[in-house]
1. Just a yes or no: is a residue in the stretch 31-44 basic (Lys, Arg) and in a strand (DSSP E or B)?
2. Determine which single condition GLU44 fails, assuming it passes every other condition in (1) more than 21 Å from SER17 (Cβ to Cβ); (2) in contact with a Leu (Cβ under 9 Å, 6 or more places away or on another chain).
3. Restricting the stretch 52-65 to residues that are among the β-branched types (Val, Ile, Thr) and modelled with pLDDT of 95 or more, which is surrounded by the fewest Cβ atoms within 10 Å (Cβ to Cβ)?
4. If VAL64 passes every condition in (1) among the β-branched types (Val, Ile, Thr); (2) outside any strand (DSSP E or B); (3) touching an Asp or Glu at 6+ places or on another chain (Cβ under 7 Å) but one, which one does it miss?
5. Confirm whether MET93 is under 15 Å from GLU46 (Cα atoms) and more than 15 Å from the chain's Cα centre (by Cα).
6. All but one of (1) under 17 Å from GLY122 (Cα atoms); (2) among the charged types (D, E, K, R); (3) open to solvent by 30 Å² or more (accessible area, probe 1.4 Å) hold for ASP90, so report the exception by its number.
7. Looking only at residues in the stretch 104-129 that are farther than 17 Å from ALA49 by Cβ and either part of a loop (DSSP other than H, G, I, E, B) or among the acidic types (Asp, Glu) (or both), which one is least open to solvent (accessible area, probe 1.4 Å)?
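The values are calculated or read from the model by the stated rules, or taken from the named source; none is laboratory data. Keep in mind that what you see is a predicted model, and the values were worked out from it rather than measured. Heads up, the Cβs are rebuilt from the backbone with ideal geometry, glycines too, and the neighbour counts pull from every protein chain shown. Surface areas here come from the heavy atoms of the whole protein model, side chains and all, with no ligands, DNA or RNA. Shrake-Rupley method; radii C 1.70, N 1.55, O 1.52, S 1.80 Å.
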Amino acid sequence: QVHLVESGGGSVQPGGSLTLSCAVYGYSYITYEMAWFRQAPGKEREGVATIYTGDGRTYYADSVKGRFTISQDNTKNTLYLQMNNLKPEDTAMYYCASTLAMGPLSMGRLFSRKSYNYWGQGTQVTVSS
């Protein structure tokens with residue numbers, strides 16, 4: 001049984017910061033491609049950031065570039081999302097995801113929900129004044 005567990009969400013004022021964590025259980029090794037997605041009420045789930053553990057390559061949605069940083073600590077089997085200068089439009093349920101693909105995903109598949117095999121339960125981030 002493989003599962004992902006997010007934590008670190010909360011409520012902050014605009015301009016504040018949060019760090020999200022995603023613990024990976026059920027693997028004897030870290031999967032190759034991991035990602036953060038988010039979903040606001042009434043909207044589709046959208047990609048936020050991805051990381052390929054083979055070489056550290058990262059990719060970000062334009063809306064979060066310069067504000068969010070994705071990273072992974074293999075010794076702790078944990079994925080992170082550092083979020084700075086948060087805005088009200090960042091309010092959403094945030095999910096981590098992983099794939100068991102044998103190599104990196106092509107850029108066109110990085111933010112496709114169908115690319116990922118496993119998903120966490122989500123952690124809520126609310127940004128309001």
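1. If we filter the stretch 31-44 for residues that are basic (Lys, Arg), which is where we start, we get 38, 43.
Now drop any that are not in a strand (DSSP E or B), which leaves 38.
Within the stretch 31-44 (the criterion being basic (Lys, Arg) and in a strand (DSSP E or B)), the answer is yes, since at least one residue qualifies.
2. (2)
3. THR58
4. (3)
5. No; evaluated as a whole, the condition is false for this residue.
6. (3)
7. Taking the candidates together, the pick is SER128.
Residue-wise test of (1) without any contact (Cβ under 8 Å) to a residue 60 or more places away in the chain; (2) hydroxyl-bearing (Ser, Thr, Tyr).
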| site | (1), (2) |
| --- | --- |
| GLU33 | no, no |
| TRP36 | no, no |
| ALA40 | yes, no |
| ARG45 | no, no |
| ALA49 | yes, no |
| TYR52 | yes, yes |
| ASP55 | yes, no |
| TYR59 | yes, yes |
| ARG67 | yes, no |
